[in-house]
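First up is the structure itself, then whatever we jot down about it.
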Amino acid sequence: MDKADAWGELVGLFTGGATEDGIPKGAADNILLGWPPILHTMQIAFGRTDNLDVLDFGCGAGDFCRHLHSLGNRVWGVDSSPGMLEAASRRIPAQVTLLTPEQLWGGAKRFDVVTAIMVFQFVGDIEGVLSRLVGMLQPSGTLVFAVFNPAFTAGLAEQGRLFHSFDSATYPAKGIMEVRKGVQVPVFVRTADHYAEMLCRLNCAEIARITPPFTPAFLARYPVWFPVRDPEFLVQGFTKR
């Protein structure tokens, strides 16, 4: 594995420690809190969550690709981490196509849906990436993504936990996230309005804005060490005009 592949070092975090229902503990919040509003937004846009050409941008170890395939979609996954792509290749059905970013940007494929779950907050050139992804949507295609809810990051940053060294007290702001002890990555926290403004300029209309709360059932099964007053995720969906 590439020594510079910080995300590849975290494969075990997102794939290990699965409970009896097969959910890796490190991905439980994504799966149980983040996935439902993503799928709900697809339902809003198309009236269904199946029989669609879907690109999962920043697919990680492939769990959501596998789920999208199980729903009856044609699925592509892309990730910049060689370690994550290697893990995904072992965990997804053969019908799911995995791509490097270079393969994605160099292709001509157009998608009904582009999903991105907890990816955009780690992208510096977000306007450039959004422009390219919107360009890969079919007419009336949908981009739906989950990122950190700014209120959630602000609460932890105030405590000096997980997030630190932000360059601004207002958003958008760039800081550092310590994903695991010794593994730090740049993080870019942006508001829902900021994403909406960027995508409006790209001729997209917002169709969903959701901050899914921590539920008692989730917390009973997956106790967390951080405050849960503010939802962790901000989910937004946009349809190409």
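The values are calculated or read from the model by the stated rules, or taken from the named source; none is laboratory data. Keep in mind that this is a model prediction, so the values were computed, not measured. No Cβ is skipped: glycine too gets one built from the backbone with ideal geometry, and neighbour counts run over all protein chains shown. All accessible areas refer to the heavy atoms of the entire protein, side chains included, with ligands and DNA or RNA removed. Shrake-Rupley method; radii C 1.70, N 1.55, O 1.52, S 1.80 Å.
Things to note:
- Relative to the Cα centre, the charge distribution of the chain, modelled as +1 at Lys and Arg Cβ and -1 at Asp and Glu Cβ, gives a dipole magnitude of about 260 debye.
- Length-normalised contact order for the stretch 104-187 - Cα pairs under 8 Å, 6+ apart - percent: 25
- The stretch 225-241-the stretch 78-95 distance, computed between alpha-carbon centres (Å): 25
- Other residues lying with their Cβ under 14 Å from the Cβ of M118 contribute a combined charge of -4, Lys and Arg counting +1, Asp and Glu -1.
- Ligands, DNA and RNA left out, the accessible area of the chain computed with a 1.4 Å probe is 53% carbon and sulfur.
- Stretch gain in nm, segment A151-D50, where the contour uses 0.36 nm per residue and the Cα spacing is subtracted: 33.1 nm
- Positive-pole candidate from V11, H69, A196, dipole of the chain, charges at beta carbon: H69
- FRET efficiency estimate (nearest 0.05) - Cβ-Cβ, Q159 to A94, R0 45 angstrom: 0.50
- The mean sequence distance of close C-alpha pairs (under 8 Å, at least 6 residues apart), as a share of the length of the chain, puts its relative contact order at 19 percent.
- For the options V187, V224, V147, a Gaussian network treatment of the chain with springs between C-alpha atoms closer than 10 Å singles out V224 as fluctuating the most.
- Net charge of Cβ neighbours under 11 Å - reference D56; Lys, Arg +1; Asp, Glu -1: -1
- L71-A169 pseudo-label distance in nm [points 7 Å out on the Cα-to-Cβ vector]: 4.2
- Between the beta carbons of R221 and K181, assuming R0 = 30 Å, the FRET efficiency works out to 0.75 to the nearest 0.05.
- When T97, T115 are compared by accessible area at a 1.4 angstrom probe, the order from most to least is T97, T115.
- Cβ crowding within 10 Å averaged over residues, with 45-52, 165-172, 137-144 ranked highest first: 137-144, 45-52, 165-172
- Average accessible surface for the stretch 1-153: 40 Å² per residue, computed with a 1.4 Å probe over protein heavy atoms with every protein chain in place.
- At most 13 other Cβ within 10 Å, DSSP loop - trypsin sites (Lys or Arg not before Pro), the stretch 157-201: R161, K181
- Largest accessible area first, the listed residues C65, C200 line up as C200, C65 when surface is computed with a 1.4 Å probe on the assembled protein chains.
- Note on the chain: antiparallel DSSP beta bridges, both residues inside, total approximately 55 percent of the bridges counted.
- With a cut-off of 12 Å between beta carbons, the residues surrounding A196 carry a summed charge of 0, where Lys and Arg count +1 and Asp and Glu -1.
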